[in-house]
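The values are calculated or read from the model by the stated rules, or taken from the named source; none is laboratory data. Computed from a predicted structure; not experimentally measured. Virtual Cβ from ideal backbone geometry, glycine too; neighbours counted across all protein chains shown. Calculation scope for accessible area: heavy atoms of the full protein, side chains included, ligands and nucleic acids excluded. Shrake-Rupley method; radii C 1.70, N 1.55, O 1.52, S 1.80 Å.
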Amino acid sequence: ELDDLIQNRDALIKAINTVSRQDLQKIDQALPQGPRSAEFLVLLETLAKRNNIVLRQVDLIGSVETQSGQPRPGGSLTAPSIGTIKEFPVSINVGGSYDGFKSFLGDLERSLRIIDVSSLSFSASSRDLFEFSLKGKTYYQ
């Protein structure tokens, strides 16, 4: 029985060691160690500039711990792990065209950082410009 456990451990260590450094970096970007709020703000600013919208306000509300393996929005489960996954609620206000905001959301969706949008509202500020308010959360370990 002990030999089976040792073989199982060795097989797991071998499997872990086959994960490339590049894949580990992608995982770290999707679910970073710590909130990395500065990196998240840089991401938002970059995406806003790319899509020609103005980043008006970003509120980083704080963190909420959730147990690993619990259901998350969208019906997916978090991967079981030793620690907890922490939620980092955010509120984002931007201004710009509808097409620019639509592209911004698409880029946000395709970014490696996991972001769940829980609410979205908008109002017209002038002829073809809108004010958008987005609430959601991102995650970290």
Compactness of the stretch 11-67, expressed as Rg and Dmax over alpha-carbon positions, Å: 16.3, 51
From the helices alone, meaning DSSP H stretches of at least four residues, give me the mean residue ellipticity at 222 nm for the chain, per-run term -39500 (n - 2.57), in deg cm²/dmol to the nearest 500. -12000 deg cm²/dmol
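Going by average Cβ neighbours within 10 Å, how do the peptides 131-137, 34-40 rank, with the highest at the top?
131-137, 34-40
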Measuring from the longest principal axis of the C-alpha atoms of the chain, the long axis of helix 2-17 (C-alpha) lies at a number of degrees, nearest 10, equal to 30
Using a 10 angstrom cutoff on alpha carbons, build the Gaussian network for the chain and name the most mobile of 44, 129, 105. 129
With each pseudo-label sitting 7 Å past Cα toward Cβ, what's the residue 59-residue 124 distance in nm, one decimal? 2.7
A 1.4 Å probe over the protein heavy atoms gives the chain a carbon and sulfur accessible-area percentage of 53
Would you mind estimating how fast the chain diffuses translationally, via Stokes-Einstein at 4 °C and 1.567 mPa s with the Kirkwood radius over Cα pairs, in µm²/s? 75
So what is the accessible area of the chain per residue, in Å², with the probe set to 1.4 Å? 67
What do you get for the angle between helix 21-30 and the principal long axis of the chain? Use alpha-carbon atoms, 0 to 90 degrees, nearest ten. 50
Cα long-axis angle, helix 37-50 against the chain (0 to 90 degrees, to the nearest 10): 50
